[in-house]
Amino acid sequence: MIFTPPDPANQQANPDIERIHPRHPLHLERSTVTPATSSPAPVVILLGWTNSQLKHLSRGAAYYRARGFNIVYYHASDRLIFNTSLGIQIATALIPTLDSLGILYTPATSTSTETAVQSLPIPSSQHTSPLVVHVFSNGGCLGLWALFRALHARNLRLRNLRAIIFDSCPGFSSFWALPKALSAGIRSPVRRALTLTLVTVGAVLLFLPYWLYIRVVGSTSFVGAVQDIMSNEEVNSVPRLFLYSTKDDLVSYAKIEEFADQAEALSDRAKGGEGGRVATVRRVRFEETAHVQHWIDERSKEVYWQAISNVI
């Protein structure tokens, strides 16, 4: 049966979305759908792209809203690219909300006295809220890394994680990709050349001190954080779906496919001496849509949401 998603263009941002922290860009939209059973409402964590706005994430979340999900919004600024520790601070502020939604647990072997929730065994999926993590662009990947770092620091884990959706990520283009992308839409050859020059010079002046800072302080770089989370054992133990496009000007589809290949290789490893795939890895490649536009573009959104339906 063909799935037809709600049209985000016709959706208004939910005025009942609550801000869950006074300083950090974290929000919660509780489900208003009456459940058919007594089972807890499912939860989705939307990890927005760099400088994403709540109104855009909320309108695009129509699929989850219509299906009774509690929606957690994490949309961070470009400051996280240069200060990954700030991402961990933001993720730490999110922990009480995740705990209240019943999607955290402490491994039974834990002896820590600083955990935020009671020590419990891994729960049965029949009695807990199904959880989906939906990641947008490399900024969302950084948010995913920060979330796992914050949880692990308190010996916490996500319970009943059904799938991780990677939209337009992860992947890194060459240094010149960003200046070209920012100047591509300018029609005037003179203005385009001028913009390309200014952006390139600005990028050099910005990233050289950043590179030196990372080396001197020993902090985790943006690229290092994304690479780290994609090698994470927990991430590679659940189903993943990669959604990307050959027309993406910011993230190379070939790089995304390299990460998808890596995910398949890690999932194909034998576990407990037994062969077979630990968790499925699926991918959908679009040929027309731009960066993080597949979920709302008329040419791709039906296939996009159908692929997600098939995973979760």
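Summary table below
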read-out: Residue in region 167-190 that is surrounded by 20 or more Cβ atoms within 10 Å (Cβ to Cβ), under 25 Å from the mean Cα position of the chain (by Cα), part of a helix (DSSP H, G or I) and modelled with pLDDT of 90 or more present; value: no
read-out: Top-ranked residue of region 69-89 - restricted to ones that are at pLDDT 95 or above and either of a type in the set (A, V, I, L, M, F, W, C) or part of a loop (DSSP other than H, G, I, E, B) (or both), ranked as farthest from LYS55 (Cα to Cα); value: PHE69
read-out: Close pairs from region 137-161: first within 19 Å of SER237 (Cβ to Cβ), partner part of a strand (DSSP E or B) and charged (D, E, K, R), Cβ under 6 Å, at least 6 apart; value: none
read-out: Residue check for HIS56: free of Cβ contacts under 8 Å to residues at least 40 places away in the same chain and either at negative phi or not acidic (Asp, Glu) (or both); value: yes
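The values are calculated or read from the model by the stated rules, or taken from the named source; none is laboratory data. Keep in mind that what you see is a predicted model, and the values were worked out from it rather than measured. A quick note on method: Cβ atoms are made from the backbone with ideal geometry, for glycine too, and the neighbour counts reach across all protein chains shown.
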